[in-house]
1. Kindly indicate which of R253, R234 is in a helix (DSSP H, G or I), within 14 Å of the ligand (Cβ to nearest atom) and at pLDDT 95 or above.
2. Give the residues of region 196-231 that are more than 21 Å from Q407 (Cα to Cα), assigned to a helix (DSSP H, G or I) and among the hydroxyl-bearing types (S, T, Y), sorted by residue number.
3. How about region 460-480: which of its residues are free of Cβ contacts under 8 Å to residues at least 12 places away in the same chain, under 17 Å from N403 (Cα atoms) and open to solvent by 80 Å² or more (accessible area, probe 1.4 Å)?
4. From the set of residues in region 209-231 that are aliphatic (A, V, I, L, M) and open to solvent by 40 Å² or more (accessible area, probe 1.4 Å), which is nearest to the ligand (Cβ to nearest atom)?
5. If you check every pair at least six apart or on different chains, which have Cβ atoms under 7 Å apart with a residue in region 271-296 that is among the β-branched types (V, I, T) first and a residue that is away from the ligand (no atom under 13 Å from the Cβ) second?
6. Only residues that are near the ligand (Cβ under 8 Å from one of its atoms), touching a Lys or Arg at 6+ places or on another chain (Cβ under 9 Å) and aliphatic (A, V, I, L, M): list them for region 237-250, please.
7. Kindly provide the set of residues from region 445-465 that are of a type outside the set (G, A, S) and out of contact with any Phe, Trp or Tyr (no Cβ under 9 Å at 6 or more places or on another chain), ordered by number.
8. If you go through region 202-251, how many residues are under 19 Å from the mean Cα position of the chain (by Cα), farther than 29 Å from Q434 by Cα and charged (D, E, K, R)?
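The values are calculated or read from the model by the stated rules, or taken from the named source; none is laboratory data. Because the structure is a prediction, the values reported are computed rather than measured. Here the Cβ positions follow ideal geometry from the backbone for every residue, glycine too, while neighbour counts run over all protein chains shown. These accessible areas exclude ligands, DNA and RNA; they are computed on the full protein's heavy atoms, side chains included. Shrake-Rupley method; radii C 1.70, N 1.55, O 1.52, S 1.80 Å.
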Amino acid sequence: MSDTIIVWFRRDLRLDDNPALEAALRSGARILPVYIHAPDEEAPWAPGAASRWWLHHSLEALDAALRARGARLWIGQGESLALLRRLAETSGARAIHWNRLYDPATRARDTEIKQRLRAAGLDCASHNGALLFEPWEAATGSGGPYRVFSAFWRHCAPRLAEHPGPIAAPARIPGVELDGGGTVADLGLLPRIRWDQGLAEAWTPGEHGARTTAERFLAGHLVGYGELRDHPDRPATSCLSPHLHFGEIGPRRLLALTRAALPAALPLGEHAFVRELGWREFAYHLLYHFPQTPEHPLDARFADYPWREPSDTELLERWQQGRTGIPLVDAGMRELWHTGWMHNRVRMVAASLLTKNLRLPWQLGARWFWDTLVDADLASNTLGWQWTAGCGADAAPYFRVFNPVRQGERFDPNGDYVRRWCPELARLPDKVLQQPWTATSTTLARAGVGLGVNYPAPIVDLAQSRREALAGWERIKSIS
Ligand code: FAD
């Protein structure tokens, strides 16, 4: 009987360009693909409700893809180290391969697992399946981490040209079957009260869905992406974020597909879409070097910012439910609730309203996004929230407070986005759609809008609350 190697799948739920799988196959061994559900080990950032929904479907897709090639996914739940040990014993495996994860709790766990398994005589190898650049590869002139994206990307972008290409998916996987595994359904990832219909309508989790989404985007939207990517009223962005988060498509494959779709003369790193992939790399760079940032501001002065008392739950709840009375924000929060995703421009505007106009701590918003986003990703979510709150890695000053009315007029000029998600406002004229509180009572009545009746009056005075946010900044800015 030939050797057995365990391939431990985590957030690399694909067969294409999977370095752990490829290394195991290269050795000629038979493969035992394993998934272990261990949410306690990922605490306090175990997957939220929308992520669990995605994970369920993604695991089913992975198992089906493995079966079609001669293997099957062994699924278990419990302590990862104990299960891996037991599996190695019962299967006679001599080695375990996996692709690296970078969030602090998982890194600590994986380091310990590697040490303990090695001490038990097993050959362990981890690989990079998630990033174009390892977080420790980029360093400033003085050897430290980058804190500003433009400098980070100036370092990384020229290196894209020599980046190794992706590895093709194996045609066959000589699998090992082992008793004792469960099914994806046993993991109980789907919600008990089935609120997930909107997610199912919007997404196709799994490697096939990821590849189809990437190809459709590259063929139809890559040209023009730079101009249109800020428009929530257009289907102009890739919607690949959950697929990337769960590793259903790897960044190397995506880069190769993008390179093939672009004119050869254009330096790859300068294209707006590749730059966005760069932001994802930057997020991981920051999380790796500043592991405290999911909970604590990168800019330590913000520990003393005069946030509003978080016990004021009514404001938070209105924001969460898309009832702020600010149409662009409400549209975004409802899109999030319904589809598990929100357009990037609207994420910034909604986060700015929460942290600046409402002065609620950014961590509250980050938690809500964590539970409701299908692409909830500790690195990108932390970066997005800290960037918008003004306490993170940002070259721009704190005093940029997004004006949701101007943002709506600029990026949703015909109001298609707001009308889609706030149908009660649909009959308002464009001129007042983004600020219904400025409409005359006749205009409101004609459009069937009753402020405080079927659509809320604004939660806050935008100009006054902006001044208060800036006054809070004045109080902390000279803290050294
Ligand atoms: P595209 O425009 O098609 O971009 C392609 C890919 O680049 C994305 O899929 C994503 O992987 C990456 N990317 C794009 N913009 C960013 C960015 N600003 N930061 C990091 N990566 C980026 N993204 C997440 O993946 N998970 C999160 O939990 C998350 N939380 C966010 C919270 C806030 C408050 C903000 C302002 C942004 C957050 N983002 C997050 C970043 C961004 O909004 C999403 O990545 C993007 O909207 C996903 O849509 P897309 O795939 O169509 O993006």
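1. Numbers: R234 fails: in a helix (DSSP H, G or I).
From the options R253, R234, the qualifying one is R253.
2. Our first condition is that a residue be more than 21 Å from Q407 (Cα to Cα); within region 196-231, this holds for 196-223.
Now restrict to residues that are assigned to a helix (DSSP H, G or I): 197-202, 207-220.
Answer for region 196-231, where residues must be more than 21 Å from Q407 (Cα to Cα), assigned to a helix (DSSP H, G or I) and among the hydroxyl-bearing types (S, T, Y): T212, T213.
3. Result: D461, R467.
4. Initially, region 209-231 is screened for residues aliphatic (A, V, I, L, M), giving 210, 214, 218-219, 222-223, 228.
Next, from what is left, pick out any that are open to solvent by 40 Å² or more (accessible area, probe 1.4 Å): 219, 223, 228.
Working: A219: 14, V223: 14, L228: 10 Å.
Looking at residues that are aliphatic (A, V, I, L, M) and open to solvent by 40 Å² or more (accessible area, probe 1.4 Å), I get L228.
5. Pairs that qualify, where the first residue is among the β-branched types (V, I, T) and the partner is away from the ligand (no atom under 13 Å from the Cβ), are V274/L268.
6. Correct list: L244 only.
7. Within region 445-465, the subset of a type outside the set (G, A, S) is 446, 449, 451, 453-456, 458-462, 464.
Within region 445-465, R446, V453, N454, Y455, P456, V460, D461, L462, Q464 meet the criteria.
8. 3
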